[in-house]
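None of the figures in this text is laboratory data; all of them are computed from the coordinates on show. Values in this document were obtained by computation on a predicted structure and should not be read as measured data. Here Cβ is always computed from backbone atoms with ideal geometry, including for glycine, and neighbour counts include all displayed protein chains.
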Ligand SMILES: NC(=O)c1ccc[n+]([C@@H]2O[C@H](COP(=O)([O-])OP(=O)(O)OC[C@H]3O[C@@H](n4cnc5c(N)ncnc54)[C@H](O)[C@@H]3O)[C@@H](O)[C@H]2O)c1
């Protein structure tokens with residue numbers, strides 16, 4: 001067998017080169033949330049495998065010491081996080097110049113990773129969870145240390161390969177190639193299920209990257225405020241008859257979750273000038289949003305919550321009210337007291353209902369955490385019973401005129417999994433969708449994604465407020481507010497962004513834009529970097545976008561040609577971005593809705609002011625969006641067909657998009673009806 005000494009000699013980067021001595025166990029800072037125990041159920045043989053897997057990172061001289069420590073972490077926490085290797089104290093995305101590196105991209109990615117793990121940004125910073133209950137930057141702190149070191153030595157002639165949080169290594173490439181290629185949780189189809197997934201995570205071979213956690217582009221809850229704001233505003237316009245130039249004044253939006261992403265809901269509803277009641281079972285998360293000013297008041301009494309809401313509805317003033325308690329209890333009150341709710345949704349972590357994402361009725365958050373720790377018996381049944389009750393209440397409210405939509409958290413699927421077949425359109429299975437719509441199916445898809453409008457974002461890597469203010473102004477000047485109502489909303493958003501105090505963590509901004517809008521802004525920013533008006537800028541987007549995600553329960557819910565179960569688009573988007581020279585590309589299984597239910601990808605592009613980057617912007621940014629619009633057009637989505645036609649007029653050049661001929665509904669319908677009638681008579 002090869003000796004460990006020879007193995008160590010063959011590596012320039014390993015923990016033995018980073019530490020002379022084992023680092024001391026860092027003290028946990030009081031008041032920082034920890035992930036709940038992820039149920040440990042490995043067999044003895046698999047437990048050995050998990051230990052050997054974790055010890056792969058550890059020089060042999062420390063095995064005796066660390067093997068029992070890792071075993072303890074695995075059996076008590078359900079995972080090996082390698083806490084000992086976490087840097088002590090808070091981690092923050094610092095100004096890019098403060099990082100070591102041989103290229104700007106290597107330094108920039110360190111800013112992004114550290115921001116994802118900031119105490120103020122991350123959901124469970126000690127367990128490397130950025131958001132969405134289980135969305136991790138990487139699996140453990142050994143990986144974090146090694147990734148950081150790889151990024152410090154990365155050159156423009158190399159690409160770092162990242163497989164589910166594990167830095168496979170640096171491989172020779174070219175300045176035109178991505179500096180980092182990331183995949184997370186890509187499982188082979190027949191093993192792509194919860195059971196195999198849970199085992200793979202515990203073995204330390206899989207990382208749930210969610211979307212931007214494992215893709216290193218998370219920018220705090222701001223990332224979703226704009227999307228949430230657009231969703232509820234447009235839900236109001238499409239379903240409540242509010243005119244396109246008006247807001248949610250006087251309307252009530254009820255929902256749940258004040259966590260990583262869901263925490264945006266309070267801020268968004270106030271920006272849309274509506275009143276929101278947001279249920280949350282974990283007081284620490286309410287406190288975070290209160291301190292931040294994204295929640296205006298809190299109560300644990302449903303009657304008080306609805307009375308306060310009614311007051312602000314009457315005054316036509318925006319207000320965000322947190323209800324400290326279970327969302328199902330809040331809805332029980334609304335149903336029994338006949339309270340009218342205009343818009344209703346849910347943003348608990350239903351992609352992971354049995355792993356702590358959804359708190360059952362009748363127990364509080366602390367009891368739920370204890371039940372998770374002590375094992376799953378009975379817990380699943382409690383979750384399922386609550387989901388079934390939740391569904392009944394939603395149905396009752398919906399029958400009275402409330403518009404309910406699934407907020408991309410796999411809620412409808414979770415209700416179905418809890419035993420409610422009635423929730424399916426065909427009364428049997430989710431193949432034809434659910435009786436309630438998902439927000440993309442009904443609102444975001446047809447109004448935004450089909451045109452290519454999506455969550456473009458940037459981070460001012462200098463860390464300076466003035467850079468953010470300058471980029472905000474420059475982006476605003478690139479938008480024509482008179483073109484469409486969507487442009488007017490985006491223009492207003494960026495105009496008011498600074499005033500709305502959206503930044504948590506790095507100096508970042510989100511702005512929904514279409515393909516050519518994004519390209520225009522990116523070129524402008526790169527010019528500003530070139531002339532020294534701002535420091536370098538990191539561009540990116542949420543994976544949750546026009547072309548980035550294949551997810552039949554969410555992003556591709558408004559694809560109706562049967563291809564919503566295919567993942568070709570997200571895969572092409574990822575590969576195409578790599579081919580066109582984005583600085584970072586990522587492809588994940590499962591983001592948002594849970595493992596096996598989505599394939600999604602994202603990118604990062606470091607603007608260094610160079611002509612090379614101008615060229616990458618021109619070829620990669622329109623592709624990143626238009627690949628998705630083209631697929632939506634092929635699915636016969638009307639706005640996408642129009643957008644492709646317009647894109648050809650505006651851009652011409654070498655792009656050529658295949659468009660569908662539209663069949664006459666009557667021709668097809670009559671033909672099929674006659675054929676089936678004939679088959680019936682022949683039987
Ligand atoms: N709509 C989108 O664009 C979008 C984007 C990202 C994520 N998501 C999905 O939304 C969900 C939430 O994401 P997150 O990052 O906020 O997750 P999170 O786990 O940080 O927050 C969810 C919150 O719900 C609370 N909660 C759980 N059960 C509850 C109950 N019964 N009553 C009241 N509160 C309860 C939890 O305490 C938690 O704070 C995830 O499934 C995620 O995948 C949606």
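Each peptide in 339-349, 277-287 was scored by the mean count of other Cβ atoms within 10 Å over its residues; highest first, the order is 339-349, 277-287.
For segment 1-157, a Kirkwood radius taken over Cα pairs fed into Stokes-Einstein (10 °C, viscosity 1.306 mPa s) yields D = 94 µm²/s.
Computing FRET efficiency as 1/(1 + (r/R0)^6) for residue 3 and residue 195, where r is the C-beta to C-beta distance and R0 is 60 Å, gives about 0.95. Between residue 17 and residue 174, the modelled label-to-label distance comes to 2.7 nm, taking each label 7 Å out from Cα in the direction of the beta carbon.
Based on alpha-carbon atoms, the Kirkwood radius and the radius of gyration of segment 437-518 give Rg/Rh equal to 1.00. Dimensions of segment 79-238 based on its C-alpha atoms, expressed as ranges along the principal axes with the largest first, amount to 51, 39, 36 Å.
If you wrap the tightest convex hull around every Cα atom of segment 1-45 and split its volume per residue, you get 171 Å³. Suppose R0 equals 30 Å; then what is the FRET efficiency for residue 311 and residue 400 from their Cβ-Cβ distance, rounded to the nearest 0.05? It comes to 0.90.
Packing around the peptides 665-678, 48-61, 409-422, taken as the average count of other Cβ atoms within 10 Å per residue, puts them in this order, highest first: 409-422, 48-61, 665-678. Note on residue 682/residue 649: beta-carbon distance plugged into 1/(1 + (r/R0)^6) with R0 of 56 Å gives a FRET efficiency of 0.65. Scattering from segment 64-144 was approximated by placing one identical point on each alpha carbon and applying the Debye formula without solvent; log10 I(q)/I(0) at 0.20, 0.23 1/Å stands at -0.91, -1.08. Summary of the geometry: segment 609-683 and segment 446-494, compared by the centres of their Cα atoms, lie 26 Å apart. Dimensions of segment 488-549 based on its C-alpha atoms, expressed as ranges along the principal axes with the largest first, amount to 33, 28, 25 Å. What do you get for Rg/Rh over segment 305-425 if you use C-alpha atoms and the Kirkwood form of Rh? When Rh is taken as the Kirkwood radius, the ratio is 0.99.
Remark: the residue 186-residue 656 segment gains 166.1 nm on full extension, using 0.36 nm per residue and subtracting the alpha carbon distance.
Spin-label pair residue 25-residue 102: with each label point 7 Å from Cα along the Cα-Cβ axis, the two points sit 3.8 nm from one another. Estimated from helices alone, the mean residue ellipticity of the chain at 222 nm is -13000 deg cm²/dmol (sum of -39500 (n - 2.57) over DSSP H runs with n ≥ 4, per residue). From most to least packed by mean Cβ count within 10 Å, the peptides 592-603, 626-637, 539-550 give 539-550, 592-603, 626-637.
Between segment 336-356 and segment 14-78, what's the alpha-carbon centroid distance in Å? Each part reduced to its Cα centre gives a spacing of 36 Å. Students often get this wrong: which residues of segment 455-479 have the backbone nitrogen under 20 Å from the point 7 angstrom along Cα-to-C-beta of residue 614? Residues 471, 474-475, 478 fall inside that zone.
Remark: relative contact order (the chain) = 13 percent; criterion is Cα-Cα distance under 8 angstrom and separation of 6 or more residues.
The simple spin-label model puts a point 7 Å past each Cα toward its Cβ; for residue 636 and residue 469 those points are separated by 5.3 nm.
Looking only at the chain, where both bridge partners belong to it, what percent of the DSSP beta bridges are antiparallel (to the nearest 5)? So the antiparallel bridges amount to about 55 percent of the total. Note on segment 499-551 and segment 403-441: Cα centroid distance 33 Å, given to the nearest whole angstrom. Relative intensity of the chain on a log10 scale, I(q)/I(0) at q = 0.08 Å⁻¹, equals -0.59, per a Debye sum over C-alpha point scatterers of equal strength in the absence of solvent.
Histogrammed with a bin width of 10 Å, the alpha carbon distances of segment 227-316 distribute as 17, 50, 29, 4 percent, first bin at zero.
For segment 34-111, pairs of C-alpha atoms spaced more than 14 angstrom apart make up 69 percent of the total. What fraction, in whole percent, of alpha-carbon pairs in segment 625-665 exceed 17 Å separation? Cα-Cα pairs in segment 625-665 separated by more than 17 Å: 23 percent. Computed extension length for residue 373-residue 304: 21.5 nm, one decimal, from 0.36 nm per residue of separation with the Cα-Cα distance subtracted.
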